[in-house]
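Visitor: This is the structure, below, for whatever I ask next.
The values are calculated or read from the model by the stated rules, or taken from the named source; none is laboratory data. No experiment lies behind these values; they were computed from the predicted model shown. Heads up, the Cβs are rebuilt from the backbone with ideal geometry, glycines too, and the neighbour counts pull from every protein chain shown.
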Amino acid sequence: MGNIIIAIGTVGSLIGVCFIYLSPRANHDWQRREYAMNILRDWNTNTGAHWLEIEKVFPHLRDVDRTGGKQTELTKQQSKEIYTCTSENKYWNVRFHLIELLNFGDFIGSAYLQQVADKQIVTRSVREPLMKWHEILRNFIEVVETCEGYQPWPQYPAVSEFVTSKPVSITLQGRGAGSGGGSP
């Protein structure tokens, strides 16, 4: 009888240890998905006003001519004039809106690279806009790097998966719908 109690206690302890091991991982995965969803929820709050002000000065900057494949972008000359302008210049406010927009891109890039936010959600949801921003603002990014002597948004352009990869396809592998499927 004593051996049965010891065996039951051992099995119970093993189950407890497994539960203790798996619970934090499941909680961590849930928190990464939740963090990514918070990024998406706040997307317009963090980007809308900046693009509105930028497009007041540079109308149709985000537009793409799908027939010719030509996308508008800030030129090197415009970028240098914006970044080095004084408070009397018409670009003064645009300068700060561009910086805030790139700061948000870097924030997303950092959350993505450090796996704080779920990679699949971030990639599927904001990959295209971030790629577009990078193309439109690449001259501005380069001018700021040249003027400052360092890259102030290292995480944003470093997320090469945004720039070079194809969108992630999600396959639910025997998991319940909404579980995020696939690998983290």
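Visitor: Evaluate the following for residue 95: is it among the basic types (Lys, Arg) and within 26 Å of residue 40 (Cβ to Cβ)?
Guide: no
Visitor: State which residue pairs qualify: first residue closer than 10 Å to residue 143 by Cβ and inside the range 75-88, second residue part of a loop (DSSP other than H, G, I, E, B) and of a type outside the set (A, V, I, L, M, F, W, C) in any location, beta carbons under 9 Å apart, and separation of 6 or more residues or different chains.
Guide: 78/91; 81/89; 81/91; 82/89; 82/91; 83/91
Visitor: Quickly run through the range 101-136 and pick out the residues that are surrounded by fewer than 16 Cβ atoms within 10 Å (Cβ to Cβ) and either within 8 Å of the chain's Cα centre (by Cα) or among the acidic types (Asp, Glu) (or both).
Guide: 128, 135
Visitor: Need the failing condition index for residue 151 against (1) more than 16 Å from residue 75 (Cβ to Cβ); (2) in a helix (DSSP H, G or I), just the number.
Guide: Status for residue 151: all satisfied but (2).
Visitor: In addition: Condition first: at pLDDT 65 or above, more than 24 Å from residue 113 (Cα to Cα) and not polar (S, T, N, Q). Now tell me which residues in the range 13-45 satisfy that.
Guide: 14, 15
Visitor: Another question, if that's okay. Among the helices (runs of 4 or more DSSP H) confined wholly to the range 36-129, which include 2 or more residues that are over 15 Å from residue 153 (Cβ atoms), among the small types (Gly, Ala, Ser) and out of contact with any His (no Cβ under 6 Å at 6 or more places or on another chain)?
Guide: Hits in the range 36-129: 43-57.
Visitor: I'd like to know if the range 129-141 contains one or more residues that are of a type in the set (Phe, Trp, Tyr) and under 21 Å from residue 52 (Cβ atoms).
Guide: Yes.
Visitor: Can you tell which of 146, 171, 164 is hydroxyl-bearing (Ser, Thr, Tyr), over 20 Å from the mean Cα position of the chain (by Cα) and modelled with pLDDT under 85?
Guide: 171
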